[in-house]
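The values are calculated or read from the model by the stated rules, or taken from the named source; none is laboratory data. Predicted model, so just to flag it, every value in this text is computed and none were measured. For neighbour counting, all protein chains shown are included, and Cβ atoms are generated from backbone atoms with ideal geometry for every residue, glycine included. Ligands, DNA and RNA are excluded from the accessible area calculation, which covers all protein heavy atoms including side chains. Shrake-Rupley method; radii C 1.70, N 1.55, O 1.52, S 1.80 Å.
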Amino acid sequence: MYLFILSNMKKYIFSAIIMVVLSQTSIAQDYKIGIKLGPSLSLSRTSSEGNSTSIGRDGTGVKFLIGAFVDFQFKENYYFHTGINFASKTTRININDLGLPINPNNLNNSNRYDHEYLQVPLLLKLYTNEVLLDTKVFFNFGLVPEFRLNTDDNNALIVAITEFKGFDLAGNFGGGVERSIGVNTRIYASLNYYIGFLNQVKTQNAIYDDFKIKSNLFSLEFGIKF
């Protein structure tokens, strides 16, 4: 049932995005379409609401992000950026509880979950005037709804999280450099920070105190616009 609902939800999301893009292209002063990709660094922020359980980040993961986008110009040097990103993430935690001695030293249980997300960036991009010939600097910020598509569990000895939420909302802050290489073609490189606002955990193992996990993602993105 859950997979059926998720499948329908993805269809509605894609349809809504296509309708928005088509409607905006007819009224925008100017627009550019493009693609982007690049490596990313995924890590988690953790907290526990009890005294008997401690939880912390157990390393980071090198992942990737790829997407297609549209930049709509609504004023000189002001653009609205939207599209679809496919982003991979990881949740790596180390959870400890003195009441559950798993090994001779202390309870030390690492869990790793690898996720696939569909992102819908809703960003404002601000450009400077040319800093070099055909070259501008830009800054972007906004909100990024994220829809979880899949999660793989590494089958830890004791599973801390039994189910993740299907939706997250992240804030985006970033910037980069864009250069024209033709009349209608531009390339750019940017560094972006996605900070998750919502707790990813839907259902956890009841042996632990309640805990929260939120996501962080740093991405180095390279793109081309036409």
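By how many nm would the segment from residue 68 to residue 147 lengthen if fully extended, with 0.36 nm per residue of separation less the alpha-carbon distance?
Details: separation 79, 0.36 × 79 = 28.44 nm, distance 1.62 nm.
Full extension of this stretch gives 26.8 nm more.
In nm, what is the difference between 0.36 nm times the number of residues separating residue 177 and residue 199 and their Cα-Cα distance? Walk me through the intermediate numbers first.
Values: separation 22, 0.36 × 22 = 7.92 nm, distance 3.30 nm.
Additional length available on full extension: 4.6 nm.
Which residues among the stretch 108-140 fall inside the zone where the amide N is under 19 Å from a point 7 Å beyond the Cα of residue 157, along Cα→Cβ? What the label zone holds, given the 19 Å backbone N cut-off, is 108-113.
How big is D for the stretch 118-226, in µm² s⁻¹ as a whole number, if Stokes-Einstein is applied with the Kirkwood radius of its Cα pairs at 37 °C and 0.692 mPa s? Don't skip to the answer; put the middle values down first.
Numbers: Rh = 16.5 Å.
D, rounded to a whole number, is 199 µm²/s.
Provide the convex hull volume over Cα atoms per residue for the stretch 177-226, in Å³.
Values: hull volume 4.8 nm³, N = 50.
Roughly 95 Å³ of hull volume per residue.
Expressed as a whole percentage, what fraction of the accessible surface of the stretch 127-184 belongs to carbon and sulfur atoms when a 1.4 Å probe is rolled over the protein heavy atoms? Don't skip to the end; give the middle numbers.
Numbers: 1890 of 3120 Å².
The C+S portion of the solvent-accessible surface of the stretch 127-184 is 61 percent.
Could you check the spin-label model distance between residue 52 and residue 130? Points 7 Å from the Cα along Cα→Cβ, value in nm. It is 6.8 nm. Computed from label points 7 Å out along Cα-Cβ, the spacing between residue 75 and residue 185 is 3.3 nm. Which of the pairs 125/165; 89/125; 63/214; 165/212; 32/75; 75/136 have their Cα atoms more than 20 Å apart in this structure? As for pairs spanning more than 20 Å Cα to Cα, those are 125/165; 89/125.
Put simply, when 130-143, 52-65 are sorted by average Cβ atoms within 10 angstrom per residue, most first, you get 52-65, 130-143.
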